[in-house]
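Report on the following structure.
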Amino acid sequence: MRTICFYSDYGYQDDFAGTCRAVIKRLAPAVEVIDVTHGIAPQNVLGGAFVLRNTMHYMPDGAVHLAVVDPGVGGSRRAVALRSAGDRLFVGPDNGLLVPAAEADGGITEGRELTAQELWLAPTSATFHGRDIFAAVAARLAAGLPLERTGVEIDVGTLTHVGVPEPVVVRGSLRAAAVLVDQFGNVALNLDGRQLAQAELGEQIEVVCGGEGFLATVAISFQAVRSSDIVVLVDSYDQVAVCVNKGSAVEVLTLKVGDMVTLRRRPPS
């Protein structure tokens, strides 16, 4: 019996997440479900991929990670289940959402396209695969169904990856992508604490985005700067984040997921 860890962009107002949980309860009554979040920004596959990767190691060992951020539902994208070297299972769309987490758990050792339609709910909606395919298959896997019974094996090298540029790290400068925005307006970049230290930016830096530069401070916490000041710090998941103390970096810097951001040593005045 495996725990299901459930992630989605369904939100908390509609019935979507609750209906998926009900399907799991019907098919696998003894399986525990952890609702990690349903607050991923709508259709934000990149942000969802980083949420899944960041939180995975805090979840129970051997869990089934059910992740649904699926703007291509009903189209040509595959429905898949993956196994990692750490024996976690990942169920969701093949749009890049699952891959960063599975690769971070020692790599992907097996992949299956969910072609065993007898495991799905019938009739199957073209617009709600989260309920009819992903939740149904995740429930059966959590209850002990072998992965090979979910469908045909796929070459894991053909899995879709999220399209995020690799960061550029040189002494005195970093260039990276905004990959995640939380409800406070803090913007996480695809950089880690080691890379920030490697660039040797110093304490006072410039954050450049959209052709405009903003003065910022590199610090370990919000309280190191005054209210409304921009601070660059390493967050609780070891990601470098651009923040505004008691404010929103998204609003101040007019940033969005996918934007490129440069952090550079402030030139002498």
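Rule-based calculations on the coordinates, nothing more; no lab input. Computed from a predicted model, the values in this text were never measured in an experiment. Positions of Cβ are generated from backbone atoms using ideal geometry, with glycine treated the same way; all protein chains shown enter the neighbour counts.
Along the Cα→Cβ direction, 7 angstrom out, place labels at GLU166 and GLU212. What is the inter-label distance in nm?
So the two model labels end up 3.2 nm from each other.
Name the residue, out of ARG226, ARG77, ARG53, whose mean-square fluctuation peaks in a Gaussian network model built on the chain with Cα pairs under 10 Å.
ARG226
Calculated FRET efficiency, TYR237 and GLN183, Cβ-Cβ r, R0 22 Å, to nearest 0.05?
E(calc), rounded to 0.05, equals 0.90.
With a sphere of radius 15 Å drawn around the Cβ of LEU191, what net charge do the other residues whose Cβ falls strictly inside it have (Lys, Arg +1; Asp, Glu -1)?
Working: positive: ARG53, ARG171, ARG175, ARG194, ARG264; negative: GLU166, ASP192, GLU200, ASP235, ASP238, ASP259.
Surrounding charge for LEU191 is -1.
Rounded to the nearest 0.05, what FRET efficiency do ALA85 and MET1 have when you use their Cβ-Cβ distance and R0 = 22 Å?
Working: r = 21 Å, r/R0 = 0.96.
In this case the efficiency is close to 0.55.
Lys and Arg at +1, Asp and Glu at -1: add these up for the other residues within a Cβ distance under 13 Å of THR55 and post the number.
With Lys, Arg at +1 and Asp, Glu at -1, the net is -3.
May I ask you to sort CYS209, CYS20 by Cβ crowding, counting other Cβ atoms within 10 Å and putting the fewest first?
Ranking CYS209, CYS20 by Cβ neighbours within 10 Å, fewest first, gives CYS209, CYS20.
Apply the a/c threshold of 1.5 to the C-alpha gyration tensor of the range 103-174 and tell me whether it is rounded, prolate or oblate.
Prolate, because a/c is 1.5 or more and a/b exceeds b/c.
Just to confirm a number: summing +1 for Lys and Arg and -1 for Asp and Glu over residues other than GLY172 whose beta-carbon lies under 9 angstrom from that of GLY172, what do you get?
Here the count lands on +2.
Stretched out fully, how many nm does the piece from ASP35 to GLU118 gain, at 0.36 nm a residue minus the Cα gap?
27.3 nm
Taking only the alpha-carbon atoms of the range 1-101, what semi-axes of the equivalent ellipsoid follow from 5 times the gyration tensor eigenvalues under a square root, in whole Å, largest first?
Working from the Cα gyration tensor, I get semi-axes of 18, 17, 13 Å.
Using only helices, what value at 222 nm comes out for the chain when you add -39,500 (n - 2.57) per DSSP H run of length 4 or more and divide by the total residues, to the nearest 500 deg cm²/dmol?
Numbers: 6 runs with 48 residues, N = 269.
Computed ellipticity for the chain at 222 nm equals -5000 deg cm²/dmol.
In terms of the Cα gyration tensor, with a ≥ b ≥ c the square roots of its eigenvalues, is the range 168-265 rounded because a/c is under 1.5, prolate because a/b exceeds b/c, or oblate?
Because its axes are fairly even, with a/c under 1.5, the range 168-265 counts as rounded.
Could you rank the peptides 102-108, 135-141 by their average count of other C-beta atoms within 10 Å per residue, with the highest value first? Can you show the working numbers first?
On the way: 102-108: 17.3, 135-141: 27.3.
Those peptides, ordered most packed to least, come out 135-141, 102-108.
Going by C-beta contacts inside 10 Å, put ILE205, ILE34 in order with the fewest on the left.
Ranking ILE205, ILE34 by Cβ neighbours within 10 Å, fewest first, gives ILE34, ILE205.
Going highest first, how would you order 218-224, 126-132, 233-239 by mean Cβ packing within 10 Å?
126-132, 233-239, 218-224
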